[in-house]
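The values are calculated or read from the model by the stated rules, or taken from the named source; none is laboratory data. Computed from a predicted structure; not experimentally measured. Because the Cβ atoms are built from the backbone with ideal geometry, glycine has one as well, and the counts that use them run over all protein chains shown.
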Amino acid sequence: MLEQRGATERIRGVVQNWALFRDAGDWAAFATVWHDDGWMTATWFQGPAADFIQASRSGFEAGVNILHFLGGTTVEVRGTRAIAQTKMTIQQRAEVHGVEVDVTCTGRFYDFFEERDGRWAVVRRQPIYEKDRMDVVDPGGSVQLDRGALDRYPVGYRYLAYLQRANGHDVMPGLPGLRGPEVELLYAEGAQWLAGSARPGTPLKATTPASP
C-alpha cells in the first residue's frame, strides 16, 4: 500500500511538471517527463514526444500563447504501469479574423505511465476535450465566425480548432470528448494497458505536425 501511494505521488508530480515545464519553456526539464518512446496527441500535433517538444519550443519562441491549468488527478497503479486522469484547462490567445480572442478548453489529460529503471514517466498522453468557448479580449469588440467551419469539429474543442485553423494549423477531427465511441475506446485501451498489453493502445495520428 505504501509503495502504491508513493508511486501515485510521483506520478502526480510528473503530471504537474508537464504543465509547468512546458508553459515556462524549460525544454530540458520538459523532456524528463517522457519516456524515449513517448507519444503526444493534441488538436494540432500527433507524434513522438521528442518532436512535440521541438514543435512546442518553436511555437513558444515565435510568441504562441498557450497555457495549461490543472485540477485534480486520479491515478490507478498496476505494478509498473499506471493510468492517470487529470482535470485540465487549455487556454490559447491569438487573433481570429483580425480580432484578439481567448479560447478556453476544459477536459482531462489521460496519461499512460510506466515505471522503467525506477522512473515513472509518460508513454502516451491523450487529452479528452469536454467543452470550450471563445471570448473576445477587448470587451467592446466582436468577431463573426463561419458557422460551417465551426461545426466541422466536435463540441468539445470546436472553438480551439477554429482558432488554430485560422492561424494556419492543421487540426485533427474526431478526438475523444466527454461521451462517444472515441473516449470509450480510450478507456478500453487504458484498461488493456494496466492488464499488460504490448503497447499503450493505438496512439492517434492524422496530420503532419505544425508549430502552433
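Filter the range 180-212 for residues that are part of a loop (DSSP other than H, G, I, E, B), under 17 Å from the mean Cα position of the chain (by Cα) and at pLDDT 95 or above and give the result.
Listed by number, the residues that qualify are PRO200, GLY201.
State all residues of the range 15-68 that are outside any helix (DSSP H, G or I), more than 13 Å from the chain's Cα centre (by Cα) and among the aliphatic types (A, V, I, L, M); if no residue qualifies, say none.
The answer is VAL33, ALA62, VAL64.
So in the range 80-90, with the set limited to residues that are of a type in the set (S, T, N, Q) and farther than 15 Å from GLY156 by Cβ, which one is surrounded by the fewest Cβ atoms within 10 Å (Cβ to Cβ)?
THR80
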